[in-house]
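In what follows, a single structure is set out as structure tokens and then discussed.
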Amino acid sequence: MKLKAWKTAMSLAWKKTPRTTGEFDTLPEHVAIIMDGNGRWAKKHKMSVSKGHRQGTENLREIIRHTDDLGIGVLSLYAFSTENWNRSEEEVSALMQLILDFFASEIDELDEKNVRILILGDKGRLPEKQRETLIEAEDRTAGNTGLRLNIAVNYGSRAELVKATREIAVRVRNGDLKPEEIDEKTISDHLYTAGQPDVDLLIRTSGEQRLSNFLLYQNAYAEFVFPETLWPDFSVHEYDLALDAYGHRERRFGGRTR
Ligand code: FPP
């Protein structure tokens, strides 16, 4: 079958699969989502890319609620990467505004639902208003014990690994740690996600199949699901399908089960 025909068939099969009941054999502990396709959605609907991003925040509330309802422990969302600064000034400022709007409208409910917010990334380069809003959200929800909601803003995985390496080097220089004591946990403990489980399921919408510098270390053994749907159209139903697909994967972590 030609690649294009195969892709169409896969996409149709994806759409036709009946809605799951919400009961899953195995649920991931940590889901990460690359919310891709806002620009293409905007183009398709003859709108500005900023409107595409705004539409992309509309379904977020339902996806977060659903994650919480299912009792999944951690949800990581890629909102703004270190590379996104290279987009036009107009698009960057639209995304920055969306961050403010998202927290203004969602923080009360998230806090009420016992959600703990953690920002992944360097908040130092963000405009003051955004930085304060993000710190406020983290501080306000720091004592919450429910869903851990990681929002990656000005995040890049390589930069995160550089930061971790520098912190570890300082500990070694100060004599707090011997080089031979450095193990995988030492590195995990110096990532933004310290203390959290690794990613089990990574979803990237819009058909693109790459990590784009998102949680490289944490995704080492993640299962990947790549729905063709553009992010603004990604529904709870399609989220269920991705979770269901995850439940049918055989995870071996490099070992052998048969
Ligand atoms: C990728 O689509 C998406 C982004 C760069 C931004 C994602 C941000 C949001 C959905 C809103 C902000 C979220 C929070 C939590 C406040 P793209 O523009 O690269 O799409 P394209 O590949 O079709 O152009």
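The values are calculated or read from the model by the stated rules, or taken from the named source; none is laboratory data. Note that the structure is predicted; figures quoted are calculated from it, not measured. When we count neighbours, we look across all protein chains shown, and the Cβ atoms used for this are built from the backbone with ideal geometry, even at glycine. The protein model used for the area step is the full one, side chains on, heavy atoms only, and it has no ligands, DNA or RNA in it. Shrake-Rupley method; radii C 1.70, N 1.55, O 1.52, S 1.80 Å.
Which residues' amide hydrogens lie under 5 Å from the amide hydrogen of R148, considering only partners 5 or more residues apart or on another chain, with H built in the peptide plane?
When sequence neighbours closer than 5 places are left aside, the close amide H contacts are V74, L75, R116.
By what distance, in whole Å, do the Cα atoms of the chain stretch along each of the three principal axes, largest value first?
Sorted largest first, the three principal extents are 59, 53, 39 Å.
Over the chain, what is the relative contact order in whole percent, taking alpha-carbon pairs under 8 Å and six or more residues apart?
For the chain, the relative contact order is 29 percent.
Can you flag which of K43/K185; K51/K113; K43/K123; K43/K129 are past 32 Å Cα-Cα?
Beyond 32 Å between Cα atoms: K43/K185.
I need the peptides 229-238, 92-101, 52-61, 182-191 ranked by packing, meaning the mean over residues of other C-beta atoms within 10 angstrom, with the highest value on top.
Per-residue Cβ counts within 10 Å, averaged per peptide and sorted highest first, yield 229-238, 52-61, 92-101, 182-191.
Solvent-accessible area per residue for the chain at a 1.4 Å probe radius, Å²?
Per-residue accessible area for the chain comes out at 54 Å².
What percentage of the solvent-accessible surface of the chain, computed with a 1.4 Å probe over protein heavy atoms, is contributed by carbon and sulfur atoms?
Roughly 50 percent, rounded to a whole number.
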